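All of the numbers you see were taken from the coordinates with simple rules; none came from a lab. If you're wondering where the values come from, they're calculated on a predicted model, not measured in any experiment. Reconstructed Cβ throughout: ideal geometry from the backbone, glycine too, with neighbour counts over all protein chains shown.
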Amino acid sequence: MGDISSFNGNGNGIHGERRMKSCWYEEEIEQNLRWCYALNSILHTGATQYQDIALLDTKPFGKALVIDGKLPSAEMDEFIYHESLVHPALLHHPNPKLIFIMGGGEGSTAREILRHRMAGRVVMCDIDEEVVDFCKSHLVADKNAFFDSRLQLLINDARAQLEKSEDKFDMIIGDLADPLEEGPCYQLYAKSFYESTAKPKLMEGGIFVTQAGPAGVFTHTEVFSCIYKTLRLVFRYVVPYSAHIPSYADTWGWVMASDSPFTLDVEELDARIGRRIKGENRYLDASASILSKVLAKETQLFTERPAKFIYGDGTCPSKHRKL
């Protein structure tokens, strides 16, 4: 679980002989491994019927939403997650008009979908109204999505909503919380859900895509590879992909699936980005690499004077100890 604590540190300076206390958020990534962020402030903590929720102002990543001790979104790099979740599937579909979002309470997934000129009606179904209302009030980047006339917001269990819906969708997007044992939505990653609920609610040629958890060299076996294998048993064509998200301290994974093949080449994908999406992506191009954008803008050369350095002073700590 995430934990907010204060301890003496070097981060906030010294007043006389007394060191100021630094406030940190600490998340347990796995057993024996934790990831910490220095905080400017704690903006909100509370609990809903379904989840614990906090909004933190972190020093490295700006405002960060924390749900059930896990950080799903930080304002500095959430665009990597949401562009990766939304755009590959929408760009591969020939005419995505009717889209269903499972979860997505913060509004960022809806924001990215609504950048698509072809998007018609977007149904966003989240089980936790308090989280949705909180995000509408506090996450400025996503405010406009909630007031777009194309968005229909429903408060319900996504499985129940899909089962009773008379509509079929061009796309179903799983922007769900991670499958935690005590969490509200781990069943929505199961083969029975994909097979009996999600797939029957897709139109011919429809695409299903879901976030699929950590996808690093050592962490992909948690759930990512399992979700991929499960979807392969339900759909004919399944594509896993991943990207590094700094605030997650890991590579993250997504999986998209369909009974129609994904046949577009890089040139056509780039052309569709230009034709279909309003504004410029901050992360995603056809190569799915932010480095291509960053490297193209670099103007500096590495010289001895002035040189560029990574964080740290390069000295051995033992040299500074008094023996």
Restricting to aspartates and glutamates and to Cα separations under 15 Å from LYS201, and discarding same-chain partners fewer than 8 apart, the set is GLU163, GLU166, ASP167, ASP170, ASP259
Whole-Hz Karplus couplings 3J(HN,Hα) for the stretch 23-37, θ = phi - 60° and coefficients 6.51, -1.76, 1.60, Gly and Pro as x, run 9, 10, 9, 10, 10, 7, 6, 7, 4, 6, 9, 10, 10, 10, 10
Note, MET102: beta-carbon cut-off 10 Å, +1 each Lys/Arg, -1 each Asp/Glu, net -2
Between the alpha carbon centres of the stretch 75-130 and the stretch 204-261 the gap in Å comes to 16 Å
A chain fully extended from TYR186 to ALA141 at 0.36 nm per residue, minus the present Cα-Cα distance, gains in nm 13.4 nm
For LYS59, the aspartates and glutamates lying under 17 Å Cα to Cα, once residues fewer than eight places off in the same chain are dropped, come out as ASP3, GLU26, GLU27, GLU75, ASP77, GLU78
For the stretch 159-173, Karplus-derived ³J(HN,Hα) couplings (6.51, -1.76, 1.60; θ = phi - 60°; whole Hz; x for glycine and proline) come out as 5, 4, 5, 5, 5, 8, 5, 8, 7, 10, 10, 6, 8, 10, 10
Scoring the stretch 213-286 by relative contact order with C-alpha pairs under 8 Å, at least six apart, yields a percentage of 26 percent
A chain fully extended from ASP148 to GLU129 at 0.36 nm per residue, minus the present Cα-Cα distance, gains in nm 5.0 nm
Once the mean of 1/r over all distinct C-alpha pairs in the stretch 57-200 is inverted, the Kirkwood radius in Å reads 15.6 Å
Of all trypsin sites (Lys or Arg not before Pro) in the stretch 67-139, the ones in DSSP coil with at most 11 other Cβ atoms within 10 Å are ARG117
Once amide hydrogens are built 1.01 Å from N within the peptide plane, the residues lying 5 or more places from ASP68 or on another chain with amide H under 5 Å from its amide H are ASP52, ILE53
Residues meeting the amide H criterion for VAL123 (H placed from the backbone, H to H distance under 5 Å, 5 or more places apart or on another chain) are ILE99, PHE100, ILE101, GLN152
For the stretch 123-132, Karplus-derived ³J(HN,Hα) couplings (6.51, -1.76, 1.60; θ = phi - 60°; whole Hz; x for glycine and proline) come out as 9, 10, 10, 10, 7, 10, 5, 5, 5, 4
The answer for chymotrypsin sites (Phe, Trp or Tyr not before Pro) in the stretch 60-151 that fall in a DSSP coil and have at most 16 neighbouring Cβ atoms within 10 Å is PHE147
